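Undergrad: A single structure is presented below for examination.
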Amino acid sequence: MKLNEDGTYTGFIKVHLKLRRPVTVPTGIRPQSIYDALKEVNLADMTDKRTSFYLPLDAIKQLHISSTTTVSEVIQGLLKKFMVVDNPQKFALFKEMRKDGQVLFQKLPLTEYPLYLRLLAGPDTDVLSFVLKENETGEVEWDAFSIPELQNFLMILDKEEKDKIQQVHRKYERFKQRLQQTLKEARGKPG
């Protein structure tokens, strides 16, 4: 880490990407050049074509940040580096700690300063490391999804509903056939 004259400091943090779901990226554009980065050109805004794919599990990305960089800015920076166009609210930064042979994850507030946490923990990544994961709030944040994603969810739900209805129909059709067979057999018997 480097201490600046104004009292802030800069340094690197490593972030492990542990994403289980695909991410959305623009298609048909060239990778970002140094010129684009310096001019802060966002190539993802230049096309409406999108595709989804899975990032390699447990990929590691190093970020150079300052002591004033928040968790929210780290998430946005990571998404920009990978040209991910998904809403940043879909993701959360966790601190991973190892204690008594257990791995513990704690979701960091968006206003936390990761470089400060790194400074307090020291350089040992067994003591503290950072992980980007899906934001599992328990409640779905529908505002974070695009219209095509929401339409895709509806298609999936419609298909699941139709499949479930067919299962129920088949189950009761078999039950009805067995019941009719039993009644037919019972008619021939006295009693």
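Undergrad: For the range 53-86, how many residues meet the condition of being under 25 Å from residue 1 (Cβ atoms) and not in a loop (DSSP other than H, G, I, E, B)?
TA: Going through the range 53-86 one residue at a time, the tally reaches 19.
Undergrad: Mind checking which pairs have a first residue in the range 143-159 that is touching a residue at least 24 places away in the same chain (Cβ under 8 Å) and a second that is open to solvent by less than 90 Å² (accessible area, probe 1.4 Å) and among the basic types (Lys, Arg), Cβ under 7 Å, 6 or more apart or different chains?
TA: Close Cβ pairs (under 7 Å, with a partner that is open to solvent by less than 90 Å² (accessible area, probe 1.4 Å) and among the basic types (Lys, Arg)) amount to 144/90.
Okay, residues lined up against (1) free of Cβ contacts under 8 Å to residues at least 40 places away in the same chain; (2) among the hydrophobic types (A, V, I, L, M, F, W, C); (3) within 28 Å of residue 59 (Cα to Cα):
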site: 105; (1), (2), (3): yes, yes, yes
site: 122; (1), (2), (3): yes, no, yes
site: 129; (1), (2), (3): no, no, yes
site: 172; (1), (2), (3): yes, no, no
site: 178; (1), (2), (3): yes, no, no
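Undergrad: Related question: Taking into account only those residues within the range 82-110 that are among the polar types (S, T, N, Q) and more than 13 Å from the chain's Cα centre (by Cα), which is least open to solvent (accessible area, probe 1.4 Å)? Working first, answer last.
TA: Of the range 82-110, the ones among the polar types (S, T, N, Q) are 87, 89, 102, 106.
Narrowing further to those that are more than 13 Å from the chain's Cα centre (by Cα): 102, 106.
Numbers: 102: 113, 106: 89 Å².
Ranking the candidates gives 106 first.
Undergrad: What tally of residues in the range 122-132 results from selecting those that are out of contact with any strand residue (DSSP E or B) (no Cβ under 7 Å at 6 or more places or on another chain) and open to solvent by less than 50 Å² (accessible area, probe 1.4 Å)?
TA: Count: 1.
Undergrad: Here are some residues: 119, 79. Which one is under 25 Å from residue 12 (Cα atoms), at pLDDT below 95, surrounded by 10 or more Cβ atoms within 10 Å (Cβ to Cβ) and over 26 Å from the mean Cα position of the chain (by Cα)?
TA: Working: 79 fails: over 26 Å from the mean Cα position of the chain (by Cα).
Going through 119, 79 in turn, the sole match is 119.
Undergrad: Quick check, is residue 157 of a type outside the set (Val, Ile, Thr), over 28 Å from residue 56 (Cβ atoms) and not assigned by the TED database to the domain that holds residue 67? Show your work before the answer.
TA: Values: of a type outside the set (Val, Ile, Thr): yes; over 28 Å from residue 56 (Cβ atoms): yes; not assigned by the TED database to the domain that holds residue 67: yes.
Answer is yes for this residue.
The values are calculated or read from the model by the stated rules, or taken from the named source; none is laboratory data. Note that the structure is predicted; figures quoted are calculated from it, not measured. We place every Cβ from the backbone using ideal geometry, glycine too, and count neighbours over all the protein chains shown. We work out accessible area using only protein heavy atoms, side chains counted, and drop any ligands, DNA or RNA first. Shrake-Rupley method; radii C 1.70, N 1.55, O 1.52, S 1.80 Å.
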